[in-house]
Amino acid sequence: MQIKEIKPSTAYRMTGYTLDANGRAKWTYYEVPLIQTSPMSSMSAKQVGQTWGLGFSQNSPKPYNLNEMHKTNRMGIVWVMSGHLETTIQDGEMRRRAPGEGNFVHGDCLHHSTMRSTVPSTTLSLNLTSTVTKDYVFN
């Protein structure tokens, strides 16, 4: 029996949203290229960021403002650090993320986020640009 050599990933696939042909938000995936840093690990190249911040949200058993949609007007990534984050986009599709999961936020995409969990939700946000960048590409 041969043992295959295990190599680290060459890309990180992240959920996010983009605009469809009619300018509406839709779910998609983004590939972040990774560089091998050791025999068993890899990381992305340095990404230029504008600002970052931690968000702490108490969860509500009754969701409020379910129809409130907003834009961020900048490109960024939101990682869930604790609790859960539900994001709904224009077509009504909702996706739920757990701790350790990131989501690429396209600044021109209407979306609504709700913190739904039995524990308070903590998010880490990294704003990559101060304006929307058409066809954003990771380094």
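Just checking: which of the strands (runs of 3 or more DSSP E) contained wholly in region 1-53 hold 2 or more residues that are closer than 16 Å to Tyr136 by Cα?
So the answer is 11-19, 25-38.
Quick check on my filter: what residues within region 95-122 are open to solvent by 40 Å² or more (accessible area, probe 1.4 Å) and either touching a Lys or Arg at 6+ places or on another chain (Cβ under 9 Å) or modelled with pLDDT under 90 (or both)?
Scanning region 95-122 gives Arg96, Asp108, Leu110, Ser113, Met115, Arg116, Thr118, Val119, Pro120.
Could you please find all residues in region 91-110 being without any contact (Cβ under 8 Å) to a residue 60 or more places away in the chain, part of a strand (DSSP E or B) and not basic (Lys, Arg)?
Listed by number, the list holds a single entry, Met94.
Could you tell me which residue of region 33-48 is farthest from the chain's Cα centre (by Cα), considering only residues that are in contact (Cβ under 8 Å) with a residue 60 or more places away in the chain and surrounded by 10 or more Cβ atoms within 10 Å (Cβ to Cβ)?
Ala45
Quickly run through region 1-32 and pick out the residues that are polar (S, T, N, Q), open to solvent by 100 Å² or more (accessible area, probe 1.4 Å) and within 16 Å of His106 (Cβ to Cβ).
If the condition is that a residue be polar (S, T, N, Q), open to solvent by 100 Å² or more (accessible area, probe 1.4 Å) and within 16 Å of His106 (Cβ to Cβ), then Asn22 is the only one that fits.
In the set Ser113, Ser125, which member is in a strand (DSSP E or B), touching an Asp or Glu at 6+ places or on another chain (Cβ under 9 Å) and on the phi < 0 side of the Ramachandran plot?
Sole residue among the options that is in a strand (DSSP E or B), touching an Asp or Glu at 6+ places or on another chain (Cβ under 9 Å) and on the phi < 0 side of the Ramachandran plot: Ser113.
Are any of the residues in region 123-139 under 21 Å from Glu31 (Cβ atoms), at pLDDT below 85 and either in contact with a helix residue (DSSP H, G or I) (Cβ under 8 Å, 6 or more places away or on another chain) or of a type in the set (Asp, Glu) (or both)?
Yes; the residues of region 123-139 include at least one that is under 21 Å from Glu31 (Cβ atoms), at pLDDT below 85 and either in contact with a helix residue (DSSP H, G or I) (Cβ under 8 Å, 6 or more places away or on another chain) or of a type in the set (Asp, Glu) (or both).
The values are calculated or read from the model by the stated rules, or taken from the named source; none is laboratory data. Predicted model only: the values in this text are computed from it and were never measured. Positions of Cβ are generated from backbone atoms using ideal geometry, with glycine treated the same way; all protein chains shown enter the neighbour counts. The area values use the complete protein model at the heavy-atom level, side chains included, leaving out ligands, DNA and RNA. Shrake-Rupley method; radii C 1.70, N 1.55, O 1.52, S 1.80 Å.
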